[in-house]
Amino acid sequence: MKESQSLPRWFNATVTKQGVASRSTLFLLVAIKTTRLLCLIAGYWLFAAMMHDWVVLAQQPDMSDWLGLTAALLLAWLLQGDAYRRTLQAKTDLLSGLEKRFAERLVAEQTSLVSIHSAYFWQSVWTRHISALVHWRYDYQVQQYVAVLTPFFALLFILVVNPVVGGSLLITLPLIPLFMILVGKGAAALQRKHFVALTRLGSLFVDRLTALGLLASFRTHQIEQKILKQASDDLNERTMKVVGVAFLSNTVLDFFSTIAVALIAVFIGFSLLGEFSLGPELTLHSGLWLLLTAPLLFSELKALGQFYHQKAEAEAARDAAGDWLAPLEAGQLDEPANELTEPQQFSLQLANNLLASQSLTLLPGDWVAVTGPSGSGKTLLLEALAGQRTGNYRLPCRVAMLTQHPVLLPATLRENLNYQRTFTTARLEQALSEVELKAWLDSLPAGLDTPLAEVPAISGGQAQRLALARLLLSDAPVWLLDEPTAHLPEAQHHSLSQLIYSLGQGRTVLWVSHKALPDDWFNRTWQVENRRVQQMAGEAVS
Amino acid sequence: MKAFITVLLAVLHGCAGLAILIVSSWFIAACAVAPVNFNYMLPAVVIRALALLRIGSGYAHMWVGHKHLLQLTSLLRVQLFERLFAAQIRQRSEEVEALASHTEAIAAVWVGWVSQQASAVLMLLVSAVTLLVLDIPFAGWTLALGVIWLMIMSVLCVQGLTLAKTQVLQEHEFREQSDVVLRSVAIWHLKTVQEQLAQLPSAQALWQTETSQQRLTLQSLWVFQGLAWALMLVIIYLAIHTQLEGEGGNPLLLVVPMLLLSAGDWLGRSFNGQPALNRYVQGKQALKTLPVEPLQLTDAVPLSSTLTLTDFGSVNLPEQNVTAEFDASGLYLVGGPSGAGKSQLLQAISGLVACHGQRLCDGNAPGEGLIEGWLYLEQQPVILAATLRHNLTLGRDFSATQLNDVLSKVGLAQLNDLGEWLGPGGRVLSGGERKRLGIARAMLIHSPVWLLDEPFEGLDGVAVSQLVALLQQEAATRLIIIASHVYPAELQCKDTLILSPPS
C-alpha cells in the first residue's frame, strides 16, 4: 500500500476510472451547495431590508422584498433537496460501481485472493469499507470544497458591504486553521504517547470474552474481572487525556464563531448608537445582514467537522481493500474455451516475480506430474495456469481443479452436483457410480435429495469422491489436481488415485502430489523449486 | 448523575447559542431605534457573557459527556462480564467482538441522542415560554414550530427504528449467504464467468436500507427547514397585509422571524442523532438476546485408580456411545476420522459441554459439569492479550523460578522475558508455541487430567518428537487423553480408542 499517496490522489488514480465516481458529479454537488448558500445570503439581505422597514421606519415591509425573499428561500430549499437527492443517488451509483469492481476482482482471482483473509474480512469489505469510501467521497470531500468556497463568497460580500467588519474577519480567519493545527498536533502527540497502552487495553474486553472457556476451566473468572475493571479505568483515564486536548479543536471553531457574532453585534449596535464611526455608515439593514451572514464563515467548517470520522474510515478502507477496487485489465474476465486442441508452449512469468518457468510444453492429453518441496510454488503454478494470478500466460481453456479440501455446500446432494449447471438424474447417478458412491447413494434416506447437512458425517474420502464427481460432470478439458489425497489415509489415497487415473483418461491432467504415484501414469514431469518451474529431461512423448 | 450534567450542558450550549443570535439581533434593532436613555451597556455585556457561556458549556459538554460515555461503557462491560461467569457464548467470534461496540453504543445514547433531543425540546420550550411571558409579538408561532418539530421527529424515530430492524435482519442474511459463497471459492471456476458474478453475494439490499435511513434523516431536516421558513414568510406576509397597531418601530418584532429563519440551524442537529438511537436499540437487543450457555462448575474430585465412561457421549452427538476405562495415570489415544466426534468426546469428559451416559471417578459420580483441574486443551490454545507471566499464571501466585522452570520443561526457554506482552500489539506466538504454552499452564496448576485435541497438527518432525517425549514423561503422574487423526509412530499409549463416524 502506498502510504505516501493521499486519499484523494489514490481515489482519483484508482477508483475514478471507466465512469465510476466521475469528478463532474462531485463538482456539481459542490456547485449546488454553494449556490444554495449564495441564495441564502441574498435572502438574508432581503430579510434584513424588510426588518429595517418594519422596525426602524415603522412601515409595512415591501411586497416585492417579500416575493424576493420567498423566491430566494424557495430556491435555497429546492437546491438543498436537490443536493440531498443527488448525493444519495451518487452514493447508490458509486456503491454499485465499487461492488461490481470488487466482484469482478474476486471472480478473476478466486482462491488466490479469497483464501488470504477470513470470510469476516471479505464481508466487511462489503458492509464497511465500500460504504466508508462512498460516504467520504460524497459527504466529506464535497463538504471540503463547500467549506472553503462558502467563507470565500461570504467574506467577499461582507467586504463589499462593510470593509471594517470584513477586514477584521479576514485577519482573524487564518487563526482558526492555525489553532486547529496546533491542537491537532498536541492531541496526536498525546495519542502517540499512549498508543501502546490504548491499543492493548482497548482490546482486553473482547479478548477475555473469547477466552471464557479457559477462564472457567482455570477458575479465574473473578481475577480477570478485577483486571478488566482496572484496565478500563486506566484506559478511560488515558483516553480522557487525549480527547481532552482533541476537543479543543472543536472549541477553537466554536470560540471564533461565537465571539465573531457577539463582537459584530456589539460593534454594529454601538455604531448604530453613534458610539463608533468606523467605515461606511451602518443601518439595521446592513447590520442585521452582517449578523446573519458572518456565521456562514464558520458553519460549513463546523459541518465538515461532523464528517471528520469519515476520513479516517475511508483511509482504513483504502488500506484494507483499496487494491481490489481498481478496474481489471481488459479480457481478464473473458469466458474461456471449452476445449484444448493446440499444443501449448510457454514461459510463465508471474507479476512481482512470484513464479517463473523455463519454456514448458503441454500437449492435449498430456499427464504431467508436478513435483517439488512444499512451499516451492506448485499451487501458484496451478493458479497461474487457471488464470487466477496476474501473469503473462494462462491456459486458453476451461479447467477443473481439485484441492485438498473438498467443498460441500449446505444443500442437497443433487444441488451439490448441479453446482455448474443442471444435469438429469440419470447423469448424476452415473457420475456417482463412476466415483464408486452408488452404494452410499442408495443408503441415503432421500437419495439425491438428501440434504448433506443431514447425512451422517461423511468421511474425507467420500467427500473427495463427491468433488471428483463434479469434475466428471464438468466438460473442462484440463484437470488441475492439487494434492487431492493429502488428508486421506494411505489405503484411501491409493484407491482414490487409481480412480482419478482411470476416470481422467482423455483429459489433460496436471497432478501435484506429495504421496507416491506410479511413474508410468505420467508422460511429463515438471519440477518446481524455489519458485522456478522446469521441465524434467528425458520424458516420453506420447 | 453525570448523564444529567451532560444533558444539562448540552441544553446550556444550545440555549446560549440561540440566545446570542436573538439577543444580538434584538440589540442592534434596539440600537437602531434607540430612545435617548437606552441602556446599551447591559445587553452588550449579556451578549458577551452568553458567548463565553456557549464556548465553555460546549467544551464542558464534550468533556463530561465523553467521560460519562467511557465510564458507562466500562461499567456495562464489567457487568456483562460478570453475567458471563461460568458461562459460554454460543456465537460466532465476530458477533462476540461486536459486543464491544454494542456496549459503547448503549453508553453513547446520552451524548449521541438524548442530549440533542433534550436541548431541542428545552430550547423550544424556553423560547416559547419566555416569548409568551414577555408578550413578544407573534410569540404563539413558536408553539407551531414546536408542534411541527415534534411531529417530524416522531415520524423519524418510528420509521428510523423500523428501518434499523430491517437492517439487522438484512445484515444477518448477507452474512449467511456470503459465508456459503466465500467458503466454496475453490469450486467457483466450474461455473461460467457470468454465473460466477451472478452467484456472488451482494450488499445492495443492505445499502438500500442504509440509504433509506439517510434519506429519512435528510428529508426530515428538509421538511422541517421548509416549514419553519414558510411560517416566517407567513408572519411577514401578515405584517405587510395588516395594519400596524402601534407595533411598528418595536425592536421586539424581529425576534420571532429571526427564530424561524434560523430554526434549521439550531434544531437541525436533533435530526442527526437518529443513527445513535438505532445503534442503542440494536445494542440493547443484542445484549438481551445474547445466547449465553451456563457451565456447571464441579469441585475437584479424587481420581486415584480409574475413570470409567459408560454409554458416554457429548450431548451434541446423541449417537455417541463410548464405554471405556482409563487409569488415573498414563497416556491414551482417541483416534478415528474427522467428524467422528473426537473433540466433542474430550470436551464432554472435561465437562465443558454437557454429556449423556455415565462418568465415574474411582467408581464415584462427580456430578455433571466442568471438574476443577480437568483441562481440555484445544488445538490452538487461547493466548490472552496479557503478559507472558499472566498467560502462565492466569492471575495466581507463582515465583519466577517456577515459571521459568516450567517454560524450559515444555521447550519454551526462548521466552525468557516474563513481562513480554503476548497477543495483539505484542509478540505473536506460533502454533507450536501456543500448544506448549497451553501445556505449561496445565503443568503449573498440577492438573490431574489433560484432554489434548490434535496436539500434533501443524508441528514439524522435531517439534512432534519433543512433544511426545514431554507427554510421555508427564503421563507418569496424570491421565492424558489425546484425540488425533494422525499421530506419530513413537507415541506409546496404554490404549487406543477408535471412534467411527456414527452411521
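The values are calculated or read from the model by the stated rules, or taken from the named source; none is laboratory data. Because the structure is a prediction, the values reported are computed rather than measured. Cβ: placed from backbone, ideal geometry, glycine included. Neighbour counts: every protein chain shown.
Residue-by-condition table, conditions (1) basic (Lys, Arg); (2) farther than 18 Å from A:CYS397 by Cβ; (3) more than 14 Å from every other protein chain (Cβ to nearest Cβ):
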site	(1), (2), (3)
A:ALA446	no, yes, yes
A:ARG470	yes, no, no
A:TRP479	no, no, no
A:LEU488	no, yes, no
A:LEU503	no, yes, yes
A:TRP511	no, no, yes
(message) Just the residues that are modelled with pLDDT of 85 or more, facing another protein chain (nearest Cβ under 10 Å) and over 9 Å from the mean Cα position of the chain (by Cα), please, taken from the range B:89-107.
(response) B:ILE89
(request) Check whether at least one residue in the range A:253-273 is more than 10 Å from chain B (Cβ to nearest Cβ), out of contact with any Cys (no Cβ under 7 Å at 6 or more places or on another chain) and either outside any helix (DSSP H, G or I) or among the hydroxyl-bearing types (Ser, Thr, Tyr) (or both), and report yes or no. (result) no
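Per-residue answers, yes or no, for (1) more than 12 Å from every other protein chain (Cβ to nearest Cβ); (2) within 37 Å of the chain's Cα centre (by Cα):
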site	(1), (2)
B:ASN250	no, no
B:GLY268	no, yes
B:ASN272	no, yes
B:LEU297	no, yes
B:ALA300	no, yes
B:THR306	yes, no
(request) Could you check, for the range B:28-47, whether at least one of its residues is assigned to a helix (DSSP H, G or I), facing chain A (nearest Cβ under 9 Å) and either among the polar types (S, T, N, Q) or under 47 Å from the mean Cα position of the chain (by Cα) (or both)? (result) yes
(request) Quickly run through the range B:418-434 and pick out the residues that are touching a residue at least 40 places away in the same chain (Cβ under 8 Å), surrounded by fewer than 17 Cβ atoms within 10 Å (Cβ to Cβ) and in a loop (DSSP other than H, G, I, E, B). (result) none
(request) Run down B:LEU70, B:LEU50, B:LEU8 and say which single residue is under 21 Å from B:LEU252 (Cα atoms) and either buried (at least 17 other Cβ atoms within 10 Å of the Cβ) or facing chain A (nearest Cβ under 10 Å) (or both). (result) B:LEU50
(request) Count, please, the residues in the range B:435-471 that happen to be surrounded by fewer than 20 Cβ atoms within 10 Å (Cβ to Cβ) and under 13 Å from B:LEU412 (Cα atoms). (result) 3
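Hey, does the range A:37-52 have a residue that's free of Cβ contacts under 8 Å to residues at least 12 places away in the same chain and assigned to a helix (DSSP H, G or I)?
Checked against the condition, which is being free of Cβ contacts under 8 Å to residues at least 12 places away in the same chain and assigned to a helix (DSSP H, G or I), the range A:37-52 yields no hits at all.
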(request) Could you tell me whether the range A:204-216 includes any residue that is without any contact (Cβ under 8 Å) to a residue 24 or more places away in the chain, of a type outside the set (Val, Ile, Thr) and either touching a Lys or Arg at 6+ places or on another chain (Cβ under 6 Å) or farther than 30 Å from B:SER447 by Cβ (or both)? (result) no
(request) May I ask you to verify whether B:LEU407 is over 21 Å from B:ALA300 (Cα atoms), in contact with a helix residue (DSSP H, G or I) (Cβ under 8 Å, 6 or more places away or on another chain) and crowded, with 17+ Cβ neighbours inside 10 Å? (result) yes
(request) Restrict the check to the range B:302-310 and report whether at least one residue is hydroxyl-bearing (Ser, Thr, Tyr), crowded, with 16+ Cβ neighbours inside 10 Å and touching a Ser or Thr at 6+ places or on another chain (Cβ under 9 Å). (result) yes
(message) Taking the criterion of being under 22 Å from A:PHE157 (Cβ atoms) and either surrounded by 22 or more Cβ atoms within 10 Å (Cβ to Cβ) or touching a residue at least 12 places away in the same chain (Cβ under 8 Å) (or both), would at least one residue in the range A:223-240 satisfy it?
(response) no
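Scan the range B:73-88 residue by residue and report those that are at the interface with chain A (Cβ under 7 Å from one of its Cβ atoms) and either more than 25 Å from A:ARG219 (Cβ to Cβ) or among the aliphatic types (A, V, I, L, M) (or both).
B:VAL78, B:LEU84, B:ALA86, B:ALA87
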(request) Return only the number of the condition from (1) within 15 Å of A:ALA262 (Cα to Cα); (2) touching a Leu at 6+ places or on another chain (Cβ under 6 Å); (3) surrounded by fewer than 23 Cβ atoms within 10 Å (Cβ to Cβ) that B:ALA29 does not satisfy. (result) (3)
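Just for helices (runs of 4 or more DSSP H) wholly inside the range A:294-403: which have at least 2 residues that are among the basic types (Lys, Arg), at negative phi and in contact (Cβ under 8 Å) with a residue 60 or more places away in the chain?
In the range A:294-403, A:308-321 are the helices (runs of 4 or more DSSP H) which contain 2 or more residues that are among the basic types (Lys, Arg), at negative phi and in contact (Cβ under 8 Å) with a residue 60 or more places away in the chain.
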(message) For a quick check of your reading: which helices (runs of 4 or more DSSP H) sit entirely within the range A:134-231 and have at least 2 residues that are among the aliphatic types (A, V, I, L, M) and in contact with a Pro (Cβ under 7 Å, 6 or more places away or on another chain)?
(response) none
(request) Sort through B:ALA203, B:ALA228, B:ALA186 and tell me the only one that's farther than 29 Å from A:ASP475 by Cβ, crowded, with 19+ Cβ neighbours inside 10 Å, within 7 Å of another protein chain (Cβ to nearest Cβ) and of a type in the set (Gly, Ala, Ser). (result) B:ALA203
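Residues are listed down the side, and each one gets a yes or a no for (1) assigned to a helix (DSSP H, G or I); (2) at the interface with chain B (Cβ under 7 Å from one of its Cβ atoms); (3) modelled with pLDDT of 95 or more; (4) surrounded by 16 or more Cβ atoms within 10 Å (Cβ to Cβ):
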{"position": "A:GLN60", "(1), (2), (3), (4)": "no, yes, no, yes"}
{"position": "A:LEU67", "(1), (2), (3), (4)": "yes, no, yes, no"}
{"position": "A:LEU79", "(1), (2), (3), (4)": "yes, no, yes, yes"}
{"position": "A:GLN89", "(1), (2), (3), (4)": "yes, no, yes, no"}
{"position": "A:ALA108", "(1), (2), (3), (4)": "yes, no, no, yes"}
{"position": "A:GLN123", "(1), (2), (3), (4)": "yes, yes, no, yes"}
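Any residue in the range B:166-183 that is of a type in the set (Gly, Ala, Ser), more than 24 Å from A:HIS117 (Cα to Cα) and part of a helix (DSSP H, G or I)? Please lay out each step first, then the result.
Applying the first criterion (of a type in the set (Gly, Ala, Ser)) to the range B:166-183 yields B:178.
Subsequent filtering for residues that are more than 24 Å from A:HIS117 (Cα to Cα) retains none.
No; the residues of the range B:166-183 include none that is of a type in the set (Gly, Ala, Ser), more than 24 Å from A:HIS117 (Cα to Cα) and part of a helix (DSSP H, G or I).
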(request) Looking for whichever is facing chain B (nearest Cβ under 8 Å) and either in contact with an Asp or Glu (Cβ under 8 Å, 6 or more places away or on another chain) or in contact (Cβ under 8 Å) with a residue 24 or more places away in the chain (or both) here; the options are A:THR127, A:THR150. Which one fits? (result) A:THR127
(message) Looking at the structure I just gave you, is A:SER24 assigned to a helix (DSSP H, G or I), at pLDDT below 95 and among the small types (Gly, Ala, Ser)?
(response) yes
(request) For the range A:193-212, state whether one or more residues are of a type outside the set (A, V, I, L, M) and away from chain B (no Cβ under 14 Å). (result) yes
